[in-house]
1. Determine one quarter of the surface area of the Cα convex hull of the protein assembly as shown, which equals its mean projected area, and express it in nm² to one decimal.
2. Across 10 Å bins from the origin, how do the percents of Cα pairs in segment B:6-166 run, short distances first?
3. Please report, for A:ALA92, the nm distances (one decimal) from its label point, 7 Å out from Cα along the beta-carbon direction, to the equivalent points in the remaining copies, shortest first.
4. Taking a probe of 1.4 angstrom, what is the accessible area of A:LYS61 in Å², to the nearest 10?
5. For chain A, with a Gaussian network of springs between Cα atoms less than 10 Å apart, report the residue from A:PHE165, A:PHE291, A:PHE144 with the top mean-square fluctuation.
6. Would you mind checking the tilt of helix A:317-327 against the longest principal axis of the Cα atoms of chain A, expressed as 0 to 90 degrees and rounded to 10?
7. Assuming R0 = 35 Å, can you tell me the calculated FRET efficiency for the pair B:GLU53 and B:ASP24, based on Cβ-Cβ distance, to the nearest 0.05?
8. Over the alpha-carbon set of segment B:40-132, divide Rg by the Kirkwood Rh and report the Rg/Rh ratio to two decimals.
Protein chains: 2
Amino acid sequence: MSAVGLHRVMEPKGVLPQAATRLDTDPAIGPDEVRIAVERLNLDAASFRQLREEAGGDGDKVRAKVLEIIRTRGKMHNPVTGSGGMLIGTVAEVGPESPLGLKPGDRVATLVSLTLTPLEITDDLMAWTGTSEQVPCTGHAILFGRSIAAVLPDDLDDDLALAVFDVCGAPALVERVVKRYDRPRVAVLGGAGKSGSLALAAARRSGAARTLGVVPTTSEKLLLDGVTLADVTSLADARDPVATAAAVEAALGGPADVTVVCVDVPGCEHGAILATAPGGTVIFFSMATSFPAAALGAEGLAADVTMLIGNGYVPGHAATALDLVRAEPGVRSLFRARLAAH
Amino acid sequence: MSAVGLHRVMEPKGVLPQAATRLDTDPAIGPDEVRIAVERLNLDAASFRQLREEAGGDGDKVRAKVLEIIRTRGKMHNPVTGSGGMLIGTVAEVGPESPLGLKPGDRVATLVSLTLTPLEITDDLMAWTGTSEQVPCTGHAILFGRSIAAVLPDDLDDDLALAVFDVCGAPALVERVVKRYDRPRVAVLGGAGKSGSLALAAARRSGAARTLGVVPTTSEKLLLDGVTLADVTSLADARDPVATAAAVEAALGGPADVTVVCVDVPGCEHGAILATAPGGTVIFFSMATSFPAAALGAEGLAADVTMLIGNGYVPGHAATALDLVRAEPGVRSLFRARLAAH
């Protein structure tokens, strides 16, 4: 039995489930596995867009294609975009050696990608029109020993909980890093976004002496000022290193000890590095981060800063993030505003 | 006065020297600057290749083009490749507030890129044939407060010292990370290369309980076994996550506490993550590292590992690396073998 699911890989042999072209969806679980009765898939936005375009907007064709992918591959892994999505369901059976802490009847969301999750659909997706990323369905999925699933809370609606789970690695890692410093100054680039607002809330609760949210527009600044999640807010384009560093130093009275990058546009590496004090840490959460730009930028600026690739997984991250949402009305209102805008 | 040289930026105003199209090369230095009498430029390999191809292999045309770039931009910043190189020279004058610790007469190599170093050439590059990356020349260059330069040692030849400086961030960061653990197990992917061999030597001297060098070919394994830099060596393709993790676990008796990636090919992120124990650290030094592959890989594998972007700058890194080369005959012989092969 492999905790990462190697025993479920059918083709090609010996690769990780994400790299596999076909997974074994056998509902009989191993000792450390969990079977989920699936209720809904959330397709990745890029995947759904590609499927819809390929089908010329025809929902029946989209549905047929998704069914074909799942039947052929044993997982919802779009072969064109390479992306998947996540699912919601109810725990049906838990192996005696599962480390996930789930019990039958728990309503959960998976926090690992559908691209590595064995999945079988039994209702031909009959309840889905093929015109939305939300796919109501019946079937089963398998979680491995090292999969991640979070129990959906009773007190928050599904959409809010899922939006929080989507970025829940950020506050957990920020908490861990901030606690390594003694009353650090913390700057969050993109502080009014989902991961940014959670990062600000986590920094304050973890002992930051002063927190700053940097945002690119006046409307985002008003939004962030209104929820008082940051001790101070500043306007700056995070792609402009000199302006960003100047804004941070002015607002915090010096460079930041911890800088968190939550801006999902390329080119924010040098500003984050320049805004950070020697001995400080930059945490990059944006998928638009360029590894060479960060590595060469720090060298070119002779910046003795620790640069972390924002790991989406920290044990307990989902619970930490939900607690922040419950405790911080500011986080809740920012998330609700974003959900309403969609 | 700006420690990162903003006052030397002429066009466009307000950007960092690397992003500038033209720098001020005035030989009169500011209080925290240093002027270097230049002896040789080492053009970046990608830059020289592009220049040679553009000139159809004509050395005179290459020389004219390099002269034009330096005169127009005030720095050797190839506008096509975006890359520069480094230089060797002698310290001519040191501003009273320079923090670099240099004194007139020191023979130095710059460890920051030529793309951000003000440079003026006074001999029309007459001594250069335009057919090699090594450009003998006369002129001056300016270092800022936060530039980095290393004094060339008397006891090692220039080529060896430059090859060491090129990767000197690796052993310094490995030392820092290994010391955070209590007798950790350390795996170095690409252990027979320049940064890999220095990383192995640094890990052993910093208290690693056991060090492993992972290499892709039998010839590299023989090379690494011959210099006894690693306690144990293994053959594995670092792009194959399952094989890499299995090789590491077999050689170290379990996953690594610290995994160092020195393999300059894409696709090594998942293997490094899978080979690392919960609570461990992965240090990525390869410029071929994909930020999203690392971030999403750790999440997909539910891996609670710290992932560091290998910062090329750690204070004292050049001296640390030279000390390793002096103390470790194995490192010296690997470097000399690589230099001889060129």
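The values are calculated or read from the model by the stated rules, or taken from the named source; none is laboratory data. Treat the numbers as computed from the prediction; the structure is a model and nothing was measured. Glycine also receives a Cβ, built like all others from the backbone with ideal geometry; neighbour counts cover every protein chain displayed. Surface areas here come from the heavy atoms of the whole protein model, side chains and all, with no ligands, DNA or RNA. Shrake-Rupley method; radii C 1.70, N 1.55, O 1.52, S 1.80 Å.
1. 30.7 nm²
2. Percent of Cα pairs in each bin: 11, 42, 36, 10, 1.
3. Distances to the matching label points in the other copies: 7.8 nm.
4. Answer for A:LYS61: close to 120 Å² accessible.
5. It is A:PHE291.
6. Helix A:317-327 and the main axis of chain A meet at about 60 degrees.
7. 0.65
8. On the Cα set of segment B:40-132, Rg over Rh gives 1.01.
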